[in-house]
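Just so you know, all these numbers are worked out from the coordinates, no wet-lab data involved. Given the structure is predicted, the values throughout are model-derived calculations rather than measurements.
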Amino acid sequence: MRVYYNCNKMKRIKWIYPLILLFVSHLPAHSQGQGPKAKSPSIVIIPDEGWLEDHNYFTAEDNQGKTVKTYDFVSGLRDRDMQSVIQKLQELLVANKCPNVDDAMSTLSKIDIQNAEDEALMSDEGIELSRGSFENIRNRLRPDVTVRVRYYITANGPEKYTTFNLQATDAYTNEPIAAAGGPSKVTTSHVLPLMLETAVLDKLPNFADALNAYYVETEELGRKIRFRIETARNGALEDGLETEIGGDYLYDIIENWVRANTVDGNFNVPTSTRNQMAFDDVRIPLFNNRGQAIDAGNWGRGLNELLRKACGLKTVMTPLGLGEFLLIIR
């Protein structure tokens, strides 16, 4: 038991080391044993950017001599051929022990996509995201795994075959998980779902096994996120993160909280300076203590509230997708 001063009012209080969990309503469960156990990941299948470009579902603008492409995933999901491919792939994944495959268009409709499109979303660079952007869709659907699908048709006279490529990534970190694909059988007909089946059927078991194995690992070790903490220029903290509060440096207070609220205290701090700390490979529980799934922003609110209410600091927290956030101390 160590004795410190209250961060804000400087009254003597007893402070359990590391920092006690003052704000239970926002904090996640510390053990992966708490909360519901999902046996397989939630999966969303979307068109690959290459396919969207092949089918002209994108716009290109010049930005100071550099061409910037914006992909319209919503229009791609409405494409009839792509819908038939996604539907077949959903069936194949379910048959290979991946039951939690969401219908992206149906889910988007349920959450009122029109209202979602009207809201301004910001990219990591502070640029407003387009209505049909991948980040918009991912943040709305909140899957564990994103599977991108691309196909292209090769014709030789009346005969043709279709080559399919599937890429699965962690929706929170964009880390690759699994890949599958190949050419379909040569045929004179053009039934995309059947061509997909002949192209990937023998590869789907290993593909699905990789998705489930990845999720089991995530359940056991925690979900990976990352975040940055910065002190504002000309802000209230002259010494930045080296400011001493209640007997501890601010950077120690932050690290102690992170250690206490990650699975087995697992995280890395690749950057730590007077005015900035970067955390990566931060392993957070999949669920909070109310059994609700959480993302980086949900988890980070506990840290934000600690700094604001316990330490009396002014902060601004900005989520940057499902697996990242920026916290600025003014």
Residues whose placed amide H lies under 5 Å from that of residue 223, excluding near-sequence neighbours | 284, 286
HN-Hα couplings for the range 74-80 via Karplus (6.51, -1.76, 1.60; θ = phi - 60°), in whole Hz with x for Gly/Pro, come out as 5, 5, x, 5, 7, 4, 5
Interchain or long-range residues, amide H under 5 Å from residue 313's placed H | 308
³J(HN,Hα) across the range 88-99 via Karplus (A = 6.51, B = -1.76, C = 1.60, θ = phi - 60°), whole Hz, x for Gly/Pro?
-> 5, 5, 4, 4, 5, 5, 4, 5, 10, 6, 10, x
Is the range 197-330 rounded, prolate or oblate when judged by the Cα gyration tensor, a ≥ b ≥ c being the square roots of its eigenvalues, rounded requiring a/c under 1.5 and prolate requiring a/b larger than b/c?
-> prolate
As straight-line cross-link partners of residue 224, the qualifying aspartates and glutamates (C-alpha separation under 15 Å, not fewer than 8 residues apart within one chain) are 144, 170, 175, 264, 280, 281, 295, 324
Karplus ³J(HN,Hα) for the range 161-170 (6.51 cos²θ - 1.76 cosθ + 1.60, θ = phi - 60°; Hz, whole; x = Gly/Pro) runs 9, 10, 9, 10, 9, 10, 10, 9, 9, 5
